[in-house]
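To start, the structure under review is shown below, and the notes come after it.
The values are calculated or read from the model by the stated rules, or taken from the named source; none is laboratory data. Please read all numbers here as calculations on a predicted model, not as lab measurements. Glycine gets a Cβ as well: all are built from the backbone with ideal geometry, and neighbour counts include every protein chain shown.
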């Protein structure tokens, strides 16, 4: 749903200009230094990128799902490390608060998230609880007016920069599965909370993932997200469903960038006395890339519009995440092939994207988890 096309066009124009003039020229530097310059983060905040999905009443832009996906398409044209800086505030780090937070929690945290003053992070994954999110072992034991949290969270995006964590913890040790899990808003400065060293990742250099260790971390009982215990798993699933559409749009944006780079290279690179783009086998790869990109974009926009109409899109969201994350991997592989030896050399940037996009098939639910969700929903519909 697009509410005001003129205002949206102005935002998209500003984002497109920022991506092309500010972000893309800094990609190699960010990858080499594994750090995003503070001035770029400040400009992201000035553009309102931290608050894309946060309601206007809390200082955000309050974009619809379709509008957010269109912005994500443009952000996706730069190294995905840049998008990750704002991604947790747009998605998994803020959406639980927006969906299920109490008014006092929203009033305090959402303006800070929208402005970029505070980076948020989503602490769900554990050493023994990745795809099986219902098997969370981190505990939150009520002690008078406080909860004491103990456990370790693994591979947490932006953990080293975060000022706020949405932590999933088990409040009822006697209840197995998701029903015993609650969500908590845990400030980074909480005594007993510590951050592990950044992991040495395969790609997306410039942003970090770290362990978050909770050792008798004491938080007020008011830190429980929402009004009652045992709702954390439901919150997490709603957050991930929405996040899958955003990630899918980012995948489509990256594919668009790779297709553009590959087409230009194929038109300029000469072998056997002619541009390699004149060879039918190269044309076949370009055609496959474009076709898959178009299919992915169409899926994302359709699902986003359905979500804006309050339709149930659990299946569609997983379809988008499954297809688009796999699609961008195939597009990146074709891009390396078209560039040939140059595609394997860091100076051209194609190999960086090849590594960067691999994570999309893993987080927000692996491709195999998406297959399970899709198929189970299909079978469930037969009995409804």
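Only one entry in 276, 259 is in contact (Cβ under 8 Å) with a residue 12 or more places away in the chain and touching a strand residue (DSSP E or B) at 6+ places or on another chain (Cβ under 9 Å), namely 276.
Total residues in the stretch 14-29 satisfying the condition of being touching a helix residue (DSSP H, G or I) at 6+ places or on another chain (Cβ under 9 Å) and under 16 Å from residue 348 (Cβ atoms): the figure is 3. I'd like to check something: does the stretch 372-382 contain any residue that is within 22 Å of residue 24 (Cβ to Cβ), in contact with a helix residue (DSSP H, G or I) (Cβ under 9 Å, 6 or more places away or on another chain) and not assigned by TED's automatic domain parsing to the domain that holds residue 30? No: zero hits.
Taken as a whole, the structure leaves residue 254 outside the set of residues that are in the same structural domain as residue 297 (by TED's automatic domain parsing), over 21 Å from the mean Cα position of the chain (by Cα), modelled with pLDDT of 95 or more and not in a strand (DSSP E or B). Is it true that some residue in the stretch 75-84 is in a loop (DSSP other than H, G, I, E, B) and over 30 Å from residue 346 (Cβ atoms)? The answer is no; no qualifying residue exists. Of the candidates 8, 97, the single residue that is part of a helix (DSSP H, G or I), buried (at least 23 other Cβ atoms within 10 Å of the Cβ) and at pLDDT below 95 is 97. Filtering the stretch 276-302 to residues that are farther than 28 Å from residue 250 by Cβ and surrounded by 15 or more Cβ atoms within 10 Å (Cβ to Cβ) leaves only 276.
For the stretch 201-217, state whether one or more residues are farther than 25 Å from residue 91 by Cα, over 27 Å from the mean Cα position of the chain (by Cα) and surrounded by fewer than 20 Cβ atoms within 10 Å (Cβ to Cβ). Within the stretch 201-217, one or more residues are farther than 25 Å from residue 91 by Cα, over 27 Å from the mean Cα position of the chain (by Cα) and surrounded by fewer than 20 Cβ atoms within 10 Å (Cβ to Cβ). Evaluating residue 88 against the criteria (1) in a helix (DSSP H, G or I); (2) surrounded by fewer than 21 Cβ atoms within 10 Å (Cβ to Cβ) leaves one unmet condition, (2). Taken over the stretch 41-75, the residue count meeting the criterion of being more than 17 Å from residue 8 (Cβ to Cβ) and within 19 Å of the chain's Cα centre (by Cα) is 4.
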